[in-house]
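Where a number appears in this text, it was derived from the coordinates with a stated rule and is not lab data. Just so it is clear, the structure is predicted and the values come from calculations on it, not from any experiment. With ideal geometry, Cβ positions are generated from the backbone for all residues, glycine too; neighbour counts draw on all protein chains shown.
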Amino acid sequence: MNRAHREFLASPDWARMLETDLLPWLETIGDLGDDVLEIGPGPGLTTDILRGRVPRVTAVEIDDELAAALAERMAGTNVEVVHGDASRSGLTSDRFSTATCFSMLHHVPSAEIQDDVFAEVARVLRAGGMFVAVDSVNHEAIRAFHEDDTFVPLDPESLPARLERAGLSDVHIDVGEYELRFHARKPVG
């Protein structure tokens with residue numbers, strides 16, 4: 001992530017946006033269950049939202065500095081921070097009630113690796129578990145904000161098929177001007 005992006009994701013403005021925009025949508029999705037995986041928490045403002053609503057959160061962060069800072073901040077809480085790659089996490093199969101990913105997937109350097117993340121999510125979710133995500137769309141203002149940064153936006157048209165190939169079903173996508181929100185489930189049986 002570039003410096004401006006890192007600063008914004010740790011800012012009070014981002015925290016307010018999460019509380020007023022993300023949280024109400026997340027609450028309409030339903031019960032997240034008892035054991036939630038968060039992919040790419042960055043500085044952890046989304047982790048703060050999750051940890052107050054579920055019994056257990058595992059946050060997988062690939063960035064060395066962000067993972068270390070978040071682990072230190074979350075010490076003694078219901079959050080375990082794992083420094084690792086979400087496309088091959090090594091976490092236990094069929095464990096999580098929900099996997100979440102908030103504004104991170106566009107930082108994955110290719111669609112192929114995004115697909116690896118989707119497959120890994122399907123592997124670690126319990127049968128019936130949900131994958132809940134929000135990410136950026138390909139918009140000029142968002143692209144400009146990612147100058148000198150990785151920006152591989154999801155294509156809302158191809159996303160359902162990609163999630164289904166990964167082993168998820170019951171895909172629901174809402175596309176707005178600047179972001180898309182989606183949720184899907186790991187089939188039962």
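Quick notes on this one:
- Test: residue in region 140-153 that is among the polar types (S, T, N, Q) and farther than 25 Å from MET17 by Cβ: no
- Flag for ARG181 being under 24 Å from LEU26 (Cβ atoms), in contact with an Asp or Glu (Cβ under 8 Å, 6 or more places away or on another chain) and charged (D, E, K, R): yes
- Wholly within region 82-189, helices (runs of 4 or more DSSP H) carrying at least 1 residues that are over 13 Å from the mean Cα position of the chain (by Cα) and either within 21 Å of ALA10 (Cβ to Cβ) or touching a residue at least 60 places away in the same chain (Cβ under 8 Å) (or both): 111-124, 140-145
- For region 23-41, the candidate set comprises residues that are buried (at least 19 other Cβ atoms within 10 Å of the Cβ) and aliphatic (A, V, I, L, M); within that set, the residue that is nearest to the chain's Cα centre (by Cα) is ILE39.
- Residue selection: GLY44 satisfies the criterion of being crowded, with 22+ Cβ neighbours inside 10 Å, under 17 Å from LEU18 (Cβ atoms) and touching a strand residue (DSSP E or B) at 6+ places or on another chain (Cβ under 9 Å).
- Residue list for region 29-54, restricted to those being closer than 17 Å to LEU125 by Cβ and not in a helix (DSSP H, G or I): GLY30, ASP31, LEU32, GLY33, ASP34, ASP35, VAL36, LEU37, GLU38, ILE39, GLY40, VAL54
- Test result for ALA68, surrounded by fewer than 17 Cβ atoms within 10 Å (Cβ to Cβ), assigned to a helix (DSSP H, G or I) and over 17 Å from the mean Cα position of the chain (by Cα): yes
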